[in-house]
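Structure record follows, encoded as C-alpha coordinates.
The values are calculated or read from the model by the stated rules, or taken from the named source; none is laboratory data. All values reported here derive from a predicted model rather than from experimental measurement. Reconstructed Cβ throughout: ideal geometry from the backbone, glycine too, with neighbour counts over all protein chains shown. For accessibility, only protein heavy atoms count, side chains too; no ligands or nucleic acids. Shrake-Rupley method; radii C 1.70, N 1.55, O 1.52, S 1.80 Å.
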Amino acid sequence: MNALATLPEPIVAAEPAADFDVVVLGAGVIGINTAYWALRHGKSVCVIDRQPAAGLETSFANGGQISVSHAEPWANPSAPLKVLKWLFNGNSPLLFRPKLDVHQWLWLARFLVDCLPHRAQRHTIEIVRLAAESRKLLQDIRNREGFHYDERTRGILHFYRDKHEYEAAAHVAELMRKYGCNRQVIGRERVLEIEPAFAERIDDIVGATYTAEDESGDALLYTQGLASVCERQGATFLYGSDAVALEADRAAGAVHSIEVRTPQGYRTLRGRDVVVCLGSYSAPFLRRYGVSLAIYPAKGYSVTIPTEGSNHAPVTSLTDDEYKLVYSNLGGRLRVAGTAELSGYGRDLNHRRCHAILENARNLFPRAGNFAKAMFWTGLRPTTPSNIPYVGRTRYRNLWLNTGHGTLGWTMGAGSGHRVMEMIAGGAGPVVA
Ligand SMILES: Cc1cc2nc3c(=O)[nH]c(=O)nc-3n(C[C@H](O)[C@H](O)[C@H](O)COP(=O)(O)OP(=O)(O)OC[C@H]3O[C@@H](n4cnc5c(N)ncnc54)[C@H](O)[C@@H]3O)c2cc1C
(Lines give C-alpha, C1' and ligand atoms only; values in the text may rest on other atoms or scores of the structure.)
Protein backbone atom coordinates (compact mmCIF):
# COMPACT_ATOMS: atom_id res chain seq x y z
CA MET A 1 0.00 0.00 0.00
CA ASN A 2 1.15 3.46 -0.73
CA ALA A 3 1.51 5.11 2.70
CA LEU A 4 1.20 8.54 1.23
CA ALA A 5 -2.27 7.74 -0.03
CA THR A 6 -3.50 7.29 3.56
CA LEU A 7 -2.35 10.72 4.75
CA PRO A 8 -5.10 13.26 5.29
CA GLU A 9 -5.34 16.18 2.82
CA PRO A 10 -3.29 19.13 4.09
CA ILE A 11 -5.48 21.93 5.42
CA VAL A 12 -4.90 25.10 3.36
CA ALA A 13 -6.63 28.22 4.61
CA ALA A 14 -8.23 29.22 1.34
CA GLU A 15 -8.63 32.97 0.78
CA PRO A 16 -12.31 33.73 0.30
CA ALA A 17 -12.99 34.74 -3.30
CA ALA A 18 -12.80 38.46 -3.96
CA ASP A 19 -15.98 40.27 -5.03
CA PHE A 20 -13.94 42.47 -7.38
CA ASP A 21 -10.40 42.55 -8.74
CA VAL A 22 -10.06 46.19 -7.76
CA VAL A 23 -12.01 48.24 -5.22
CA VAL A 24 -11.44 51.98 -5.56
CA LEU A 25 -12.21 54.12 -2.52
CA GLY A 26 -13.28 57.60 -3.67
CA ALA A 27 -14.94 58.81 -6.86
CA GLY A 28 -13.15 62.12 -7.32
CA VAL A 29 -11.13 62.77 -10.45
CA ILE A 30 -8.37 60.50 -9.10
CA GLY A 31 -10.60 57.55 -8.20
CA ILE A 32 -12.41 57.68 -11.54
CA ASN A 33 -9.15 57.78 -13.52
CA THR A 34 -7.96 54.81 -11.46
CA ALA A 35 -11.15 52.86 -12.14
CA TYR A 36 -10.85 53.64 -15.85
CA TRP A 37 -7.31 52.25 -16.15
CA ALA A 38 -8.31 49.20 -14.10
CA LEU A 39 -11.03 48.48 -16.69
CA ARG A 40 -8.52 48.95 -19.49
CA HIS A 41 -6.47 46.23 -17.79
CA GLY A 42 -9.51 43.94 -17.96
CA LYS A 43 -10.20 44.05 -14.21
CA SER A 44 -13.59 43.93 -12.51
CA VAL A 45 -13.99 47.19 -10.59
CA CYS A 46 -16.09 48.64 -7.79
CA VAL A 47 -15.95 52.33 -6.85
CA ILE A 48 -17.20 53.53 -3.46
CA ASP A 49 -18.08 57.12 -2.61
CA ARG A 50 -20.09 58.74 0.15
CA GLN A 51 -21.55 61.32 -2.25
CA PRO A 52 -24.52 60.63 -4.55
CA ALA A 53 -22.38 60.98 -7.72
CA ALA A 54 -18.78 61.30 -8.88
CA GLY A 55 -16.69 64.43 -8.47
CA LEU A 56 -18.78 66.22 -5.86
CA GLU A 57 -15.98 67.17 -3.44
CA THR A 58 -12.61 68.71 -4.41
CA SER A 59 -13.03 67.84 -8.10
CA PHE A 60 -16.25 69.86 -8.27
CA ALA A 61 -15.29 73.43 -9.26
CA ASN A 62 -11.52 73.70 -9.50
CA GLY A 63 -9.45 76.05 -11.66
CA GLY A 64 -9.92 73.90 -14.74
CA GLN A 65 -6.29 73.84 -15.82
CA ILE A 66 -4.35 70.93 -17.24
CA SER A 67 -1.14 72.72 -16.44
CA VAL A 68 2.17 70.93 -16.77
CA SER A 69 3.58 74.47 -16.69
CA HIS A 70 2.37 74.84 -13.09
CA ALA A 71 4.69 72.08 -11.90
CA GLU A 72 6.80 74.21 -9.57
CA PRO A 73 5.54 73.26 -6.08
CA TRP A 74 4.49 75.81 -3.46
CA ALA A 75 7.47 74.57 -1.47
CA ASN A 76 10.27 76.38 -3.31
CA PRO A 77 13.16 78.59 -2.16
CA SER A 78 11.14 81.82 -2.38
CA ALA A 79 8.23 80.43 -0.33
CA PRO A 80 9.38 80.92 3.30
CA LEU A 81 9.80 84.70 2.96
CA LYS A 82 6.56 85.11 1.05
CA VAL A 83 4.69 82.97 3.53
CA LEU A 84 6.02 85.06 6.43
CA LYS A 85 4.79 88.21 4.70
CA TRP A 86 1.39 86.69 3.97
CA LEU A 87 0.84 85.16 7.40
CA PHE A 88 -0.49 88.38 8.88
CA ASN A 89 -2.55 89.54 5.93
CA GLY A 90 -6.16 88.29 5.73
CA ASN A 91 -6.25 88.90 1.95
CA SER A 92 -3.05 87.05 1.11
CA PRO A 93 -3.09 84.08 -1.28
CA LEU A 94 -1.94 81.80 1.55
CA LEU A 95 -3.46 81.86 4.99
CA PHE A 96 -2.23 79.75 7.89
CA ARG A 97 -4.49 79.31 10.89
CA PRO A 98 -2.50 77.49 13.58
CA LYS A 99 -4.40 74.66 15.25
CA LEU A 100 -3.72 72.32 18.12
CA ASP A 101 -3.10 69.66 15.53
CA VAL A 102 0.19 67.85 15.44
CA HIS A 103 -0.44 66.80 11.82
CA GLN A 104 -0.69 70.43 10.71
CA TRP A 105 2.63 71.32 12.38
CA LEU A 106 4.41 68.24 11.08
CA TRP A 107 3.18 69.03 7.58
CA LEU A 108 4.46 72.59 7.90
CA ALA A 109 7.88 71.41 9.08
CA ARG A 110 8.17 69.08 6.08
CA PHE A 111 6.98 71.88 3.79
CA LEU A 112 9.85 74.09 5.01
CA VAL A 113 12.39 71.31 4.39
CA ASP A 114 11.00 70.88 0.88
CA CYS A 115 11.71 74.56 0.18
CA LEU A 116 15.45 73.74 0.02
CA PRO A 117 16.63 74.51 -3.54
CA HIS A 118 17.81 70.99 -4.45
CA ARG A 119 14.61 69.40 -3.15
CA ALA A 120 12.36 71.95 -4.88
CA GLN A 121 14.20 71.37 -8.16
CA ARG A 122 13.92 67.59 -7.85
CA HIS A 123 10.20 67.86 -7.10
CA THR A 124 9.61 70.21 -10.03
CA ILE A 125 11.24 67.72 -12.39
CA GLU A 126 9.22 64.82 -10.98
CA ILE A 127 5.96 66.74 -11.29
CA VAL A 128 6.76 67.86 -14.86
CA ARG A 129 7.34 64.23 -15.84
CA LEU A 130 4.14 62.91 -14.28
CA ALA A 131 2.05 65.87 -15.48
CA ALA A 132 3.36 65.68 -19.07
CA GLU A 133 2.73 61.94 -19.20
CA SER A 134 -0.72 62.58 -17.75
CA ARG A 135 -1.65 65.30 -20.26
CA LYS A 136 -0.88 62.90 -23.09
CA LEU A 137 -2.98 60.14 -21.50
CA LEU A 138 -5.86 62.54 -20.95
CA GLN A 139 -5.82 63.39 -24.67
CA ASP A 140 -5.74 59.66 -25.40
CA ILE A 141 -8.79 59.08 -23.15
CA ARG A 142 -10.66 62.00 -24.76
CA ASN A 143 -10.02 60.77 -28.30
CA ARG A 144 -10.75 57.15 -27.54
CA GLU A 145 -13.91 57.59 -25.45
CA GLY A 146 -15.24 60.62 -27.35
CA PHE A 147 -16.71 62.68 -24.53
CA HIS A 148 -16.44 66.41 -23.90
CA TYR A 149 -16.03 68.62 -20.88
CA ASP A 150 -15.86 72.21 -22.23
CA GLU A 151 -12.23 71.52 -23.02
CA ARG A 152 -9.98 74.13 -24.64
CA THR A 153 -6.63 73.43 -26.20
CA ARG A 154 -5.31 76.99 -26.44
CA GLY A 155 -2.48 76.64 -23.94
CA ILE A 156 -1.85 78.37 -20.60
CA LEU A 157 -0.40 81.83 -20.18
CA HIS A 158 1.28 82.80 -16.88
CA PHE A 159 1.51 86.57 -16.58
CA TYR A 160 3.65 88.71 -14.28
CA ARG A 161 3.41 92.25 -12.99
CA ASP A 162 6.68 92.10 -11.07
CA LYS A 163 10.00 92.11 -12.94
CA HIS A 164 11.80 89.90 -10.39
CA GLU A 165 9.05 87.30 -10.41
CA TYR A 166 9.12 87.32 -14.22
CA GLU A 167 12.88 86.78 -14.23
CA ALA A 168 12.59 83.98 -11.68
CA ALA A 169 9.89 82.37 -13.83
CA ALA A 170 12.21 82.46 -16.83
CA HIS A 171 14.67 80.23 -14.89
CA VAL A 172 11.97 77.78 -13.87
CA ALA A 173 10.68 77.71 -17.47
CA GLU A 174 14.18 76.84 -18.68
CA LEU A 175 14.35 73.91 -16.23
CA MET A 176 10.90 72.73 -17.33
CA ARG A 177 11.82 72.87 -21.02
CA LYS A 178 14.73 70.56 -20.27
CA TYR A 179 12.35 67.98 -18.81
CA GLY A 180 9.58 68.04 -21.40
CA CYS A 181 7.38 71.06 -20.72
CA ASN A 182 7.56 73.53 -23.58
CA ARG A 183 7.09 76.67 -21.45
CA GLN A 184 8.20 79.69 -23.50
CA VAL A 185 9.10 83.14 -22.19
CA ILE A 186 7.21 85.82 -24.12
CA GLY A 187 6.83 89.62 -24.20
CA ARG A 188 3.75 91.85 -24.10
CA GLU A 189 3.07 91.89 -27.83
CA ARG A 190 2.81 88.14 -27.94
CA VAL A 191 0.64 88.22 -24.78
CA LEU A 192 -1.89 90.37 -26.62
CA GLU A 193 -1.87 88.09 -29.65
CA ILE A 194 -2.60 85.10 -27.45
CA GLU A 195 -5.11 86.83 -25.18
CA PRO A 196 -6.78 89.92 -26.68
CA ALA A 197 -8.86 90.40 -23.49
CA PHE A 198 -5.72 91.94 -21.91
CA ALA A 199 -6.03 95.00 -24.19
CA GLU A 200 -7.07 97.40 -21.40
CA ARG A 201 -4.53 96.14 -18.83
CA ILE A 202 -1.50 95.29 -20.89
CA ASP A 203 0.59 98.12 -19.36
CA ASP A 204 0.40 96.41 -15.95
CA ILE A 205 2.08 93.28 -17.30
CA VAL A 206 5.87 93.02 -17.55
CA GLY A 207 5.88 89.69 -19.37
CA ALA A 208 4.61 86.16 -19.41
CA THR A 209 5.35 82.54 -20.14
CA TYR A 210 3.23 80.51 -22.52
CA THR A 211 2.78 76.76 -22.74
CA ALA A 212 0.86 76.02 -25.93
CA GLU A 213 0.34 72.32 -25.17
CA ASP A 214 -1.41 72.92 -21.83
CA GLU A 215 -5.19 72.76 -21.77
CA SER A 216 -8.25 73.60 -19.72
CA GLY A 217 -11.80 72.39 -19.16
CA ASP A 218 -14.36 71.50 -16.55
CA ALA A 219 -12.98 68.87 -14.18
CA LEU A 220 -16.44 67.92 -12.91
CA LEU A 221 -17.74 67.26 -16.44
CA TYR A 222 -14.59 65.24 -17.12
CA THR A 223 -14.96 63.19 -13.92
CA GLN A 224 -18.63 62.49 -14.46
CA GLY A 225 -18.12 61.82 -18.19
CA LEU A 226 -15.39 59.31 -17.45
CA ALA A 227 -17.48 57.75 -14.66
CA SER A 228 -20.24 57.14 -17.24
CA VAL A 229 -17.68 55.53 -19.55
CA CYS A 230 -16.59 53.27 -16.66
CA GLU A 231 -20.19 52.38 -15.88
CA ARG A 232 -20.84 51.43 -19.52
CA GLN A 233 -17.72 49.30 -19.43
CA GLY A 234 -19.02 47.35 -16.46
CA ALA A 235 -17.77 49.11 -13.30
CA THR A 236 -20.01 48.93 -10.23
CA PHE A 237 -20.58 52.18 -8.35
CA LEU A 238 -21.69 52.31 -4.74
CA TYR A 239 -22.68 55.93 -4.18
CA GLY A 240 -24.00 57.36 -0.94
CA SER A 241 -21.73 54.77 0.69
CA ASP A 242 -19.11 55.44 3.34
CA ALA A 243 -15.98 53.34 3.53
CA VAL A 244 -15.91 52.99 7.31
CA ALA A 245 -13.15 50.47 8.01
CA LEU A 246 -10.68 48.01 6.55
CA GLU A 247 -10.13 44.51 7.84
CA ALA A 248 -6.38 44.91 7.76
CA ASP A 249 -4.15 42.07 8.90
CA ARG A 250 -0.79 43.52 9.92
CA ALA A 251 0.84 40.14 10.44
CA ALA A 252 -0.17 38.87 7.01
CA GLY A 253 0.41 42.31 5.46
CA ALA A 254 -2.91 42.24 3.63
CA VAL A 255 -6.32 43.86 3.62
CA HIS A 256 -9.02 41.19 3.64
CA SER A 257 -12.12 43.34 3.23
CA ILE A 258 -13.70 46.77 3.43
CA GLU A 259 -16.64 47.62 5.65
CA VAL A 260 -19.04 49.91 3.78
CA ARG A 261 -22.11 51.74 5.09
CA THR A 262 -24.48 51.82 2.12
CA PRO A 263 -27.98 53.38 2.08
CA GLN A 264 -29.29 49.81 2.48
CA GLY A 265 -27.10 48.96 5.48
CA TYR A 266 -23.61 47.67 6.22
CA ARG A 267 -21.85 45.54 3.62
CA THR A 268 -18.49 43.78 3.59
CA LEU A 269 -16.67 43.91 0.27
CA ARG A 270 -13.62 41.96 -0.77
CA GLY A 271 -11.26 43.38 -3.33
CA ARG A 272 -8.19 41.53 -4.57
CA ASP A 273 -6.60 44.99 -4.60
CA VAL A 274 -7.82 48.14 -2.90
CA VAL A 275 -6.82 51.62 -4.05
CA VAL A 276 -7.27 54.57 -1.69
CA CYS A 277 -8.27 57.77 -3.55
CA LEU A 278 -10.01 59.62 -0.72
CA GLY A 279 -8.36 63.01 -1.32
CA SER A 280 -7.77 64.93 1.90
CA TYR A 281 -9.50 62.18 3.89
CA SER A 282 -6.97 59.53 2.88
CA ALA A 283 -4.66 60.47 5.78
CA PRO A 284 -7.18 60.25 8.66
CA PHE A 285 -8.76 57.14 7.10
CA LEU A 286 -5.49 55.21 6.99
CA ARG A 287 -3.87 56.41 10.21
CA ARG A 288 -5.47 53.72 12.35
CA TYR A 289 -3.88 51.02 10.18
CA GLY A 290 -0.39 52.37 10.72
CA VAL A 291 -0.20 54.02 7.28
CA SER A 292 0.97 57.56 7.83
CA LEU A 293 0.49 60.09 5.01
CA ALA A 294 1.72 63.68 5.01
CA ILE A 295 -1.45 65.01 3.42
CA TYR A 296 -3.06 68.14 4.81
CA PRO A 297 -6.10 69.93 3.37
CA ALA A 298 -5.38 73.30 1.73
CA LYS A 299 -8.69 75.02 1.29
CA GLY A 300 -9.08 76.87 -2.00
CA TYR A 301 -11.80 79.05 -3.47
CA SER A 302 -13.34 79.40 -6.87
CA VAL A 303 -15.67 81.94 -8.37
CA THR A 304 -17.70 81.14 -11.48
CA ILE A 305 -18.95 84.11 -13.47
CA PRO A 306 -21.52 83.64 -16.26
CA THR A 307 -20.07 85.35 -19.35
CA GLU A 308 -23.54 85.82 -20.92
CA GLY A 309 -22.13 86.10 -24.43
CA SER A 310 -19.45 88.69 -23.56
CA ASN A 311 -16.66 89.04 -26.11
CA HIS A 312 -14.36 90.44 -23.44
CA ALA A 313 -13.82 87.34 -21.33
CA PRO A 314 -10.38 85.74 -21.68
CA VAL A 315 -10.37 82.79 -24.06
CA THR A 316 -7.00 81.37 -23.05
CA SER A 317 -6.45 79.80 -19.65
CA LEU A 318 -4.40 82.19 -17.49
CA THR A 319 -2.35 82.19 -14.31
CA ASP A 320 -1.93 85.44 -12.40
CA ASP A 321 1.34 85.02 -10.53
CA GLU A 322 0.89 87.93 -8.14
CA TYR A 323 -2.49 86.91 -6.75
CA LYS A 324 -1.99 83.17 -7.35
CA LEU A 325 -5.23 82.96 -9.31
CA VAL A 326 -6.04 80.91 -12.38
CA TYR A 327 -8.66 81.74 -15.03
CA SER A 328 -10.38 79.24 -17.32
CA ASN A 329 -13.11 79.91 -19.83
CA LEU A 330 -15.52 77.00 -19.56
CA GLY A 331 -17.78 77.91 -22.45
CA GLY A 332 -20.27 80.43 -21.09
CA ARG A 333 -18.60 80.53 -17.66
CA LEU A 334 -15.41 82.15 -16.49
CA ARG A 335 -13.88 80.17 -13.60
CA VAL A 336 -11.40 82.00 -11.37
CA ALA A 337 -9.73 79.95 -8.64
CA GLY A 338 -6.97 80.12 -6.11
CA THR A 339 -5.86 80.96 -2.57
CA ALA A 340 -4.92 78.42 0.06
CA GLU A 341 -5.92 78.24 3.71
CA LEU A 342 -4.23 75.74 5.97
CA SER A 343 -6.96 75.67 8.55
CA GLY A 344 -8.21 72.12 8.90
CA TYR A 345 -11.11 70.34 7.22
CA GLY A 346 -13.73 73.11 7.36
CA ARG A 347 -15.12 74.19 3.99
CA ASP A 348 -16.91 77.34 5.03
CA LEU A 349 -16.88 80.33 2.66
CA ASN A 350 -15.07 83.39 3.90
CA HIS A 351 -16.91 86.19 2.11
CA ARG A 352 -13.99 88.56 2.31
CA ARG A 353 -11.82 86.10 0.41
CA CYS A 354 -14.55 85.33 -2.14
CA HIS A 355 -14.98 89.00 -2.92
CA ALA A 356 -11.22 89.60 -3.08
CA ILE A 357 -11.09 87.03 -5.93
CA LEU A 358 -14.12 88.54 -7.62
CA GLU A 359 -12.64 92.05 -7.45
CA ASN A 360 -9.33 90.85 -8.87
CA ALA A 361 -11.17 89.36 -11.83
CA ARG A 362 -13.31 92.45 -12.28
CA ASN A 363 -10.27 94.76 -12.21
CA LEU A 364 -8.54 92.73 -14.87
CA PHE A 365 -11.50 91.96 -17.14
CA PRO A 366 -14.30 94.38 -16.19
CA ARG A 367 -16.54 93.37 -19.11
CA ALA A 368 -15.98 89.62 -18.88
CA GLY A 369 -19.48 88.73 -17.71
CA ASN A 370 -22.20 89.24 -15.12
CA PHE A 371 -20.28 89.62 -11.84
CA ALA A 372 -23.52 90.01 -9.88
CA LYS A 373 -24.37 86.38 -10.66
CA ALA A 374 -21.03 84.92 -9.59
CA MET A 375 -21.12 81.59 -7.73
CA PHE A 376 -18.66 80.80 -4.94
CA TRP A 377 -17.21 77.49 -3.90
CA THR A 378 -14.50 76.04 -1.66
CA GLY A 379 -12.65 72.73 -1.89
CA LEU A 380 -9.91 70.98 0.07
CA ARG A 381 -6.78 70.25 -1.95
CA PRO A 382 -5.20 67.04 -0.64
CA THR A 383 -1.76 68.55 -0.34
CA THR A 384 1.59 66.93 0.36
CA PRO A 385 4.51 69.21 1.33
CA SER A 386 6.25 68.56 -2.02
CA ASN A 387 3.01 68.43 -4.06
CA ILE A 388 4.08 64.97 -5.22
CA PRO A 389 1.25 62.48 -4.79
CA TYR A 390 1.50 59.07 -3.17
CA VAL A 391 1.33 56.55 -6.02
CA GLY A 392 2.31 53.04 -4.96
CA ARG A 393 1.91 50.36 -2.34
CA THR A 394 1.51 50.48 1.44
CA ARG A 395 2.89 48.01 4.00
CA TYR A 396 -0.15 45.86 3.06
CA ARG A 397 0.64 44.10 -0.22
CA ASN A 398 -2.83 44.65 -1.74
CA LEU A 399 -3.52 48.15 -0.36
CA TRP A 400 -2.47 50.83 -2.84
CA LEU A 401 -2.38 54.61 -2.78
CA ASN A 402 -3.26 57.12 -5.44
CA THR A 403 -3.76 60.26 -3.43
CA GLY A 404 -2.31 63.61 -2.32
CA HIS A 405 -2.34 65.42 -5.67
CA GLY A 406 -2.67 68.86 -4.08
CA THR A 407 -2.80 71.73 -6.55
CA LEU A 408 -2.64 69.52 -9.65
CA GLY A 409 -5.05 66.62 -9.21
CA TRP A 410 -6.74 66.96 -12.53
CA THR A 411 -3.46 67.59 -14.34
CA MET A 412 -1.79 64.50 -12.87
CA GLY A 413 -4.89 62.28 -12.58
CA ALA A 414 -4.85 60.37 -15.86
CA GLY A 415 -1.13 59.68 -15.43
CA SER A 416 -1.17 58.64 -11.79
CA GLY A 417 -4.18 56.37 -12.39
CA HIS A 418 -2.29 54.75 -15.22
CA ARG A 419 0.86 54.36 -13.10
CA VAL A 420 -0.85 52.76 -10.13
CA MET A 421 -2.72 50.30 -12.36
CA GLU A 422 0.51 49.34 -14.16
CA MET A 423 1.95 48.52 -10.73
CA ILE A 424 -1.10 46.52 -9.68
CA ALA A 425 -1.25 44.63 -12.96
CA GLY A 426 2.47 43.85 -12.66
CA GLY A 427 2.01 42.81 -9.03
CA ALA A 428 4.78 45.10 -7.79
CA GLY A 429 5.35 48.71 -6.94
CA PRO A 430 7.33 50.83 -4.49
CA VAL A 431 6.14 50.96 -0.88
CA VAL A 432 5.41 54.67 -0.50
CA ALA A 433 3.87 54.74 2.98
C1 LIG B 1 -9.63 76.10 -5.66
C2 LIG B 1 -8.97 74.92 -6.33
C3 LIG B 1 -8.47 75.06 -7.61
C4 LIG B 1 -7.84 73.98 -8.23
N5 LIG B 1 -7.42 74.10 -9.53
C6 LIG B 1 -6.85 73.05 -10.17
C7 LIG B 1 -6.48 73.15 -11.53
O8 LIG B 1 -6.68 74.17 -12.18
N9 LIG B 1 -5.88 72.07 -12.11
C10 LIG B 1 -5.63 70.91 -11.42
O11 LIG B 1 -5.06 69.99 -11.98
N12 LIG B 1 -6.01 70.79 -10.12
C13 LIG B 1 -6.62 71.83 -9.49
N14 LIG B 1 -7.01 71.70 -8.18
C15 LIG B 1 -6.71 70.47 -7.46
C16 LIG B 1 -7.67 69.35 -7.79
O17 LIG B 1 -8.98 69.82 -7.84
C18 LIG B 1 -7.53 68.25 -6.74
O19 LIG B 1 -6.19 67.85 -6.64
C20 LIG B 1 -8.39 67.03 -7.11
O21 LIG B 1 -9.71 67.39 -7.30
C22 LIG B 1 -8.27 65.96 -6.03
O23 LIG B 1 -9.03 64.87 -6.46
P24 LIG B 1 -9.27 63.61 -5.53
O25 LIG B 1 -10.03 62.65 -6.34
O26 LIG B 1 -7.99 63.22 -4.90
O27 LIG B 1 -10.15 64.20 -4.34
P28 LIG B 1 -11.75 64.44 -4.27
O29 LIG B 1 -12.24 65.01 -5.53
O30 LIG B 1 -12.01 65.17 -3.03
O31 LIG B 1 -12.29 62.95 -4.19
C32 LIG B 1 -12.23 62.18 -3.01
C33 LIG B 1 -13.55 61.46 -2.89
O34 LIG B 1 -13.50 60.61 -1.74
C35 LIG B 1 -14.78 60.60 -1.17
N36 LIG B 1 -14.64 60.17 0.23
C37 LIG B 1 -13.86 60.69 1.20
N38 LIG B 1 -13.92 59.94 2.32
C39 LIG B 1 -14.76 58.91 2.05
C40 LIG B 1 -15.17 57.77 2.77
N41 LIG B 1 -14.77 57.51 4.03
N42 LIG B 1 -16.03 56.90 2.17
C43 LIG B 1 -16.46 57.09 0.90
N44 LIG B 1 -16.07 58.16 0.16
C45 LIG B 1 -15.22 59.05 0.72
C46 LIG B 1 -15.31 62.00 -1.34
O47 LIG B 1 -16.72 62.02 -1.32
C48 LIG B 1 -14.72 62.40 -2.68
O49 LIG B 1 -15.64 62.24 -3.74
C50 LIG B 1 -7.68 72.76 -7.54
C51 LIG B 1 -8.21 72.61 -6.26
C52 LIG B 1 -8.87 73.67 -5.65
C53 LIG B 1 -9.46 73.49 -4.29
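Filtering Leu408, Leu401 for residues that are assigned to a strand (DSSP E or B) and crowded, with 20+ Cβ neighbours inside 10 Å leaves a single hit, Leu401.
Can Gly406 be described as within 8 Å of the ligand (Cβ to nearest atom) and at positive phi?
Values: within 8 Å of the ligand (Cβ to nearest atom): yes; at positive phi: yes.
Taking the combined requirement at face value, the residue satisfies it.
One line per residue, one yes/no per condition, for (1) over 19 Å from Trp410 (Cβ atoms); (2) in contact (Cβ under 8 Å) with a residue 40 or more places away in the chain:
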{"residue": "Ile141", "(1), (2)": "no, yes"}
{"residue": "Asp150", "(1), (2)": "no, yes"}
{"residue": "Phe159", "(1), (2)": "yes, yes"}
{"residue": "Val191", "(1), (2)": "yes, no"}
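Identify, please: which residue in the range 229-248 is without any contact (Cβ under 8 Å) to a residue 60 or more places away in the chain and assigned to a strand (DSSP E or B) and is, among those, most open to solvent (accessible area, probe 1.4 Å)?
Initial filter on the range 229-248 (without any contact (Cβ under 8 Å) to a residue 60 or more places away in the chain): 231-232, 244-245, 247.
Okay, now just the ones that are also assigned to a strand (DSSP E or B), so 244-245, 247.
Values: Val244: 37, Ala245: 30, Glu247: 93 Å².
The qualifying residue most open to solvent (accessible area, probe 1.4 Å) is Glu247.
Listed here are the residues, each with its yes/no results for (1) touching an Asp or Glu at 6+ places or on another chain (Cβ under 7 Å); (2) closer than 16 Å to Ser317 by Cβ.
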{"site": "Glu151", "(1), (2)": "yes, yes"}
{"site": "Ala170", "(1), (2)": "no, no"}
{"site": "Asp204", "(1), (2)": "no, no"}
{"site": "Val229", "(1), (2)": "yes, no"}
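Pairing each residue of the range 278-300 that is of a type in the set (D, E, K, R) with any residue that is open to solvent by less than 10 Å² (accessible area, probe 1.4 Å) and modelled with pLDDT of 95 or more, provided the two are 6+ apart or on different chains, yields C-beta distances under 7 Å for Lys299/Thr378; Lys299/Leu380.
Here the range 24-49 is the region considered, the condition is being open to solvent by less than 10 Å² (accessible area, probe 1.4 Å) and part of a loop (DSSP other than H, G, I, E, B), and the residue that is farthest from the ligand (Cβ to nearest atom) is Ala27. Among the residues of the range 265-273, is any buried (at least 24 other Cβ atoms within 10 Å of the Cβ), within 18 Å of Val22 (Cα to Cα) and not basic (Lys, Arg)? There is at least one residue in the range 265-273 that is buried (at least 24 other Cβ atoms within 10 Å of the Cβ), within 18 Å of Val22 (Cα to Cα) and not basic (Lys, Arg).
Does Pro389 satisfy the criteria of being away from the ligand (no atom under 12 Å from the Cβ) and either modelled with pLDDT under 95 or open to solvent by less than 40 Å² (accessible area, probe 1.4 Å) (or both)? No.
Taken over the range 331-343, the residue count meeting the criterion of being within 20 Å of Pro297 (Cα to Cα), more than 12 Å from the ligand (Cβ to nearest atom) and either modelled with pLDDT of 95 or more or within 18 Å of the chain's Cα centre (by Cα) (or both) is 1.
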